[in-house]
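Working notes, beginning with the structure itself.
The values are calculated or read from the model by the stated rules, or taken from the named source; none is laboratory data. Remember, it's a predicted structure, so these values are computed and weren't measured experimentally. In this analysis, Cβ positions are derived from the backbone assuming ideal geometry, glycine residues included, and neighbour counts consider all displayed protein chains. In case anyone asks, the SASA skips ligands and DNA or RNA and just uses the protein heavy atoms, side chains included. Shrake-Rupley method; radii C 1.70, N 1.55, O 1.52, S 1.80 Å.
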Amino acid sequence: MKRPLAIALFCAAALVATSCSPPSVEPVERKIMLIGIDGMEWDIMGPLLEEGRLPTFAKVMSEGTWGELRSLDILESPVIWTSIATGKLPEKHGIMGFAKKQPASGQLVPVTSNVRRVEAIWDILGNEGWSVGIVGWLATWPAEPVNGYLVTDYFNYGWAPGRGGKGERLTFPPALAADIEDLRILSDEVPDERASAFINGAVPEDEVLRKRFDSLKTCIATDETSRSVALRMADQMPVDFYAVYLKGVDGVCHLYWVDMIPESGPPISREEEAMFGDVITRYYEEMDGVLAGFMEMADENTTVILTSDHGHSGPKPTGDYYRWGIAMHDPTGVIAFWGKDIAEGQELVDASVLDITPTILALCGFPVAEDMDGTVLTEAIDRDFLRAHPVRTIETYELEREPTDVADREPIESPIDDEVRERLRALGYIE
Ligand SMILES: [Zn+2]
């Protein structure tokens with residue numbers, strides 16, 4: 001990677017803007033742990049917190065700063081997760097949906113990393129010499145080089161390393177994929193007993209119920225893979241900035257919302273309601289345990305940031321039918337900060353998904369770029385830290401890209417596209 005243009009721009013700006021404070025020379029000693037849980041929301045968490053069923057989330061809230069998180073106008077997860085990782089609106093970062101229609105074939109191709117036009121927080125920190133590790137983040141395949149490691153979202157699918165031909169780039173470095181392949185669990189490898197912990201009653205024999213039961217395994221498999229990869233990597237290759245994305249909460253909300261709140265959708269059988277009515281709340285408890293596992297790795301230098309991308313609601317009634325998929329997304333998600341230099345017991349007001357990258361930069365002692373669309377959530381940060389490291393700005397962190405880099409912004413087709421499309425269809429995201 002080239003030296004960022006931003007440094008040169010900053011120096012140039014500093015020469016003219018004499019009122020601007022000089023860059024801080026005091027480096028910040030910190031590790032950032034960014035944990036993303038797709039579709040997590042307060043309406044479901046509230047009663048569970050009251051019942052004491054989410055002890056780790058409760059600890060984060062009482063010892064840290066938390067609040068509602070405002071999402072974007074486009075409530076499609078790859079779009080929002082890219083805004084979280086860049087601090088920029090979709091028009092700037094270029095990822096506009098789950099998939100893009102290929103002009104030639106008319107086929108929907110799932111969105112891929114080359115469509116992103118701007119630097120992600122792991123690129124910016126990596127260019128500043130920070131080591132980074134990213135696991136499972138949406139729209140990161142094919143893996144781009146980073147100052148550390150990156151395990152793409154496609155690693156969780158049935159694409160065996162080495163069998164996709166040259167340039168499959170499931171991970172960076174590419175050889176990492178084979179080293180962690182033993183941790184990948186596919187949905188048909190999830191034992192019935194593991195999935196049955198989320199339902200009431202025995203594993204169903206009825207065909208309809210059985211099919212619905214098996215859908216749960218997709219959520220378990222993908223989260224279990226990301227969790228175990230993230231934990232092993234944290235142990236084997238510690239980094240300064242660590243980000244992991246978990247998809248399952250979103251999946252179970254789409255699949256079992258009407259079982260939890262039967263009046264929210266078309267009629268379901270009493271059997272389904274009884275069997276699947278608690279899947280979502282039990283999955284939240286599962287996530288509390290996953291979070292506890294990550295937080296065990298936090299030392300006195302670690303700041304943990306927990307975020308979702310949007311919330312959920314039931315299918316939307318429209319005349320005599322219901323709209324599923326993206327129509328079930330609600331624009332309010334969850335944000336929480338915990339650990340080093342985080343204000344204690346604060347509630348955030350009006351936080352946006354766009355504020356996460358600027359806030360990470362401020363916590364790491366780096367300026368925020370003026371071309372980012374979010375701002376630093378200063379209420380979340382300890383006042384002493386802010387006094388010693390006031391929020392500074394620079395024009396941009398964008399690199400001077402070669403013209404050929406930006407010419408091709410169509411999603412890249414992969415051998416697992418049918419599987420990705422099938423999952424998007426199962427959740428109602430595409431037709
Ligand atoms: Zn969703």
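Which lysines does Lys92 reach when only Cα atoms under 27 Å apart count, and residues fewer than 8 places away in its own chain are ignored?
Lys2, Lys100, Lys101, Lys247
Taking R0 as 25 Å, what FRET efficiency do you get between Trp42 and Met237 from their Cβ-Cβ distance, rounded to the nearest 0.05?
0.15
Full-extension gain between Leu186 and Val349, please, as 0.36 nm times their residue separation minus the C-alpha to C-alpha distance.
Full-extension gain reported as 54.7 nm.
Please report the projected area of the chain's Cα convex hull averaged over all directions, in nm².
Taking the Cα atoms of the chain, their convex hull projects to 21.8 nm² on average.
Find the accessible area per residue for region 67-149; the probe is 1.4 Å, ligands and nucleic acids are left out, and the unit is Å².
Per residue, region 67-149 has an accessible area of 29 Å².
Enumerate the amide H contacts of Thr375 below 5 Å, restricted to partners 5 or more residues apart or on another chain; note that Pro and chain-start residues carry no placed amide H.
Asp355
Check Arg392: other-chain or 5+ apart residues with amide H under 5 Å from its amide H, H built from backbone geometry?
So Arg392 has HN proximity to Val368.
Quick one: what are the phi-derived ³J(HN,Hα) couplings along region 416-431, Karplus 6.51/-1.76/1.60 with θ = phi - 60°, whole Hz, x for glycine and proline?
9, 4, 4, 5, 5, 4, 4, 5, 5, 5, 4, 8, x, 6, 10, 6
Under a straight-distance cross-link criterion of Cα-Cα below 19 Å, which lysines are reachable from Lys31, leaving out those fewer than 8 residues away in the same chain?
Cross-link targets: Lys340.
Of Ile268, Leu108, Gly248, whose Cα points farthest to the positive end of the dipole of region 30-426 (charges on the beta-carbon: +1 Lys, Arg; -1 Asp, Glu; origin at the Cα centre)?
It is Leu108, whose Cα lies furthest towards the positive end.
So what's the back-of-envelope 222 nm ellipticity for the chain, counting only DSSP H runs of four-plus at -39500 (n - 2.57) apiece and dividing by all residues, rounded to 500?
-10500 deg cm²/dmol
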